[in-house]
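One structure below.
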Amino acid sequence: MTTDRYKAAGVDLDAAARAKQRIRTAVTSTQTPLTIGGFGAFGGMVRLPADVDRPALVMSTDGVGTKVLVASRAAVHDTVGEDLLNHSVNDILVHGARPLAFLDYIAGSQLEIDTIAALVEGVARGCRAHDMALVGGETAQMPDVYRPGHYDLAGTIVGVVSETAALHGDAVEPGDVLVGYASTGLHTNGYTLARQIVFEEMRLKIGDEMPDVGTTVEAALLAVHRSYWRVIQPVLDRVHALAHITGGGIPGNLGRPLPQGCGAKVERSAWPVPPLFRVLQQAGRVDEGEMFRVFNMGIGMIAVAPQSAADELRACADGFGVETWVIGEIVAGAGVELFD
């Protein structure tokens, strides 16, 4: 009687076991003083930090979308792992939360050991940069769901914030200014359209030069999603609200933390839109309004703060080498208006 039926069906348990050692090394490298337990448990545990008064857990789940298809074209998989971690950190930062722990989820078909390990190693690298623990995860081989070699990557982050310091947007008021923080590129959104333009309409290959950008297609499209934790954490007490500019762009995200009676006016000419976005717009013949709904257009995070705090926020960001611009203001009303 054969013992390889599961492998023949598309799931190689021996390969999974071989990948586990590299994963163990990556996971254990992220352990912090708050970590409880070791590698291989059914669940991950962390202590709540003792220095947080009235601690509230903040949790978020997300993925990196079809950026994984660009990673597969380039055979570079660790950077999307770091993308996932940084994106998730930003999602809880908008509530003022400090990251504590992360869990990743990789699902695919006939994945190589090096691919799985690289994904986890990228996540672990991001965890170490934020002094947080990778406490667990799951790798699922699903040959009837994914094409061979294809995968999806997602994860869940757990953070903590004092109830007294949590950002809910309730302090926002007309007269507050909008400080925009530079993105490092597309981050993790708009890749379905970007891939169509670059690979189908422009007919570029992953190693080709990206016109007018000064890098290869690989470098332009796999630039790591920036984390804003180190940049904003020192001045969180000066911020009234934060908006992570992800899917939906500025119009779809800036309005989320604004209280009733407050709207936002954003001046599109207040910052230089990076060349990559203009190349995509022109090559794909994409309307300006749609560009701002699909892509971040060079702004990865927006802080809403009193006008008196703007210089302090910008000086802090400058100290970390991150460009910022005052890109608008809060007004009485509702919604997000973009103007030239």
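Only residues that are assigned to a strand (DSSP E or B) and of a type outside the set (Ser, Thr, Tyr): list them for segment 159-184, please. Hits for segment 159-184 are Gly159, Val160, Val161, Val177, Leu178, Val179, Gly180, Ala182.
Among the conditions (1) under 23 Å from the mean Cα position of the chain (by Cα); (2) modelled with pLDDT of 95 or more; (3) of a type in the set (A, V, I, L, M); (4) not assigned by TED's automatic domain parsing to the domain that holds Val322, Ala182 misses just one, which is (4). The residues of segment 75-102 that are under 12 Å from Thr156 (Cβ atoms) and hydroxyl-bearing (Ser, Thr, Tyr) amount to a single one, Ser88. Taking the listed residues Ser227, Ser269, the one that is of a type in the set (S, T, N, Q) and assigned to a helix (DSSP H, G or I) is Ser269, with no other qualifying. Here Ala182 clears all of (1) in contact with a strand residue (DSSP E or B) (Cβ under 9 Å, 6 or more places away or on another chain); (2) on the phi > 0 side of the Ramachandran plot except the condition numbered (2). Filtering segment 33-66 to residues that are surrounded by 12 or more Cβ atoms within 10 Å (Cβ to Cβ), under 16 Å from Asp104 (Cα atoms) and not hydrophobic (A, V, I, L, M, F, W, C) leaves Gly44, Ser60, Thr61, Asp62, Gly63, Gly65. Between Phe320, Phe292, the distinction of being farther than 18 Å from Gln233 by Cα and of a type outside the set (D, E, K, R) belongs to Phe292 only. If I filter segment 320-335 for residues that are part of a helix (DSSP H, G or I), small (Gly, Ala, Ser) and out of contact with any strand residue (DSSP E or B) (no Cβ under 7 Å at 6 or more places or on another chain), do I get at least one hit? No, because not a single residue in segment 320-335 is part of a helix (DSSP H, G or I), small (Gly, Ala, Ser) and out of contact with any strand residue (DSSP E or B) (no Cβ under 7 Å at 6 or more places or on another chain).
Yes/no per residue for (1) of a type in the set (D, E, K, R); (2) in contact with a helix residue (DSSP H, G or I) (Cβ under 6 Å, 6 or more places away or on another chain); (3) modelled with pLDDT of 90 or more; (4) part of a helix (DSSP H, G or I):
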site	(1), (2), (3), (4)
Pro49	no, no, yes, no
Leu69	no, no, yes, yes
Val76	no, no, yes, no
Val80	no, yes, yes, yes
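Filtering Pro274, Pro234 for residues that are in contact with a Gly (Cβ under 7 Å, 6 or more places away or on another chain) and closer than 19 Å to Val322 by Cβ leaves a single hit, Pro274.
For every residue, the table says whether it meets (1) surrounded by 15 or more Cβ atoms within 10 Å (Cβ to Cβ); (2) without any contact (Cβ under 8 Å) to a residue 60 or more places away in the chain; (3) not assigned by TED's automatic domain parsing to the domain that holds Trp325.
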{"position": "His187", "(1), (2), (3)": "yes, no, no"}
{"position": "Val213", "(1), (2), (3)": "yes, no, no"}
{"position": "Val231", "(1), (2), (3)": "yes, no, no"}
{"position": "His240", "(1), (2), (3)": "yes, no, no"}
{"position": "Gly248", "(1), (2), (3)": "yes, yes, no"}
{"position": "Val266", "(1), (2), (3)": "yes, no, no"}
{"position": "Gln281", "(1), (2), (3)": "yes, yes, no"}
{"position": "Asp287", "(1), (2), (3)": "no, yes, no"}
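For segment 249-262, the set of residues classified as over 14 Å from the mean Cα position of the chain (by Cα) and at positive phi consists of Gly261 only. Restricting attention to segment 91-131, the residues that are surrounded by 21 or more Cβ atoms within 10 Å (Cβ to Cβ), among the small types (Gly, Ala, Ser) and either assigned to a strand (DSSP E or B) or in the same structural domain as Gln233 (by TED's automatic domain parsing) (or both) total 2. May I ask you to verify whether Gly255 is touching a residue at least 40 places away in the same chain (Cβ under 8 Å), outside any helix (DSSP H, G or I), under 29 Å from Ala332 (Cβ atoms) and not assigned by TED's automatic domain parsing to the domain that holds Glu329? It is false that Gly255 is touching a residue at least 40 places away in the same chain (Cβ under 8 Å), outside any helix (DSSP H, G or I), under 29 Å from Ala332 (Cβ atoms) and not assigned by TED's automatic domain parsing to the domain that holds Glu329.
Among the numbered conditions (1) closer than 28 Å to Asp144 by Cα; (2) within 15 Å of the chain's Cα centre (by Cα), the only one that Ala118 does not meet is (2).
The values are calculated or read from the model by the stated rules, or taken from the named source; none is laboratory data. This one's a predicted model, so the numbers in the text were calculated from it and none came from an experiment. For neighbour counting, all protein chains shown are included, and Cβ atoms are generated from backbone atoms with ideal geometry for every residue, glycine included.
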